[in-house]
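Chemist: Right, I'll just put the structure down here and ask away after.
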């Protein structure tokens, strides 16, 4: 018995007015249903993401980025690198300018957000001094989350921007202190700060040399 002819699939080419997300799908010749199946959702959800402005949050952007093998910025911003604020200068000793002492979303300047970091949650600070050399020279930028870790114990062993209780904001390697709930703060070329109480700590997510 003769088999019915297979239906030929026709793929629409990306158009200039398509969203960045739709262009990513069409250039890969994927249907809404195929993408929905890959992301364990419906074709209607994919269609909404492609057509409704600001419908894609960072969680979805990461999922699409893994599927399409691109940076999340390509999903949310069409490949245009978003910028994040530089909120101050920081070192292992006293800070030169208050960290994050600016209205939310502003700062000393702006720099492109590193790949893979959420620009809505990321800020940068400029390192001052030689306390972290040679690992982090003077003038380098460190990027960290504006939302600190809720459990400070979770940052033990990590390089962090830390806010001392009743004290300054510093760049330190965090180790457990002698007293429960307190921490030793380490720098390459600065004195050890022992048994310090921390108001908050946010791990450094990226480091960048000055341009």
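The values are calculated or read from the model by the stated rules, or taken from the named source; none is laboratory data. Note that the coordinates shown come from a computational prediction; the quantities given were computed from them, not determined experimentally. Positions of Cβ are generated from backbone atoms using ideal geometry, with glycine treated the same way; all protein chains shown enter the neighbour counts.
Chemist: Could you please find all residues in segment 18-31 being under 25 Å from residue 80 (Cβ atoms) and either over 25 Å from the mean Cα position of the chain (by Cα) or assigned to a helix (DSSP H, G or I) (or both)?
Modeler: So in segment 18-31, the residues under 25 Å from residue 80 (Cβ atoms) come out as 18-30.
Once the filter is applied, which keeps residues that are under 25 Å from residue 80 (Cβ atoms) and either over 25 Å from the mean Cα position of the chain (by Cα) or assigned to a helix (DSSP H, G or I) (or both), segment 18-31 yields 18, 20, 21, 22, 23, 24, 25, 26, 27, 28, 29, 30.
Chemist: Does segment 159-168 include one or more residues that are closer than 16 Å to residue 209 by Cα and modelled with pLDDT of 85 or more?
Modeler: The answer is no, given that none of the residues of segment 159-168 is closer than 16 Å to residue 209 by Cα and modelled with pLDDT of 85 or more.
Chemist: Within segment 76-114, work out how many residues are at pLDDT below 85 and either part of a loop (DSSP other than H, G, I, E, B) or surrounded by fewer than 21 Cβ atoms within 10 Å (Cβ to Cβ) (or both).
Modeler: Of the residues in segment 76-114, 23 are at pLDDT below 85 and either part of a loop (DSSP other than H, G, I, E, B) or surrounded by fewer than 21 Cβ atoms within 10 Å (Cβ to Cβ) (or both).
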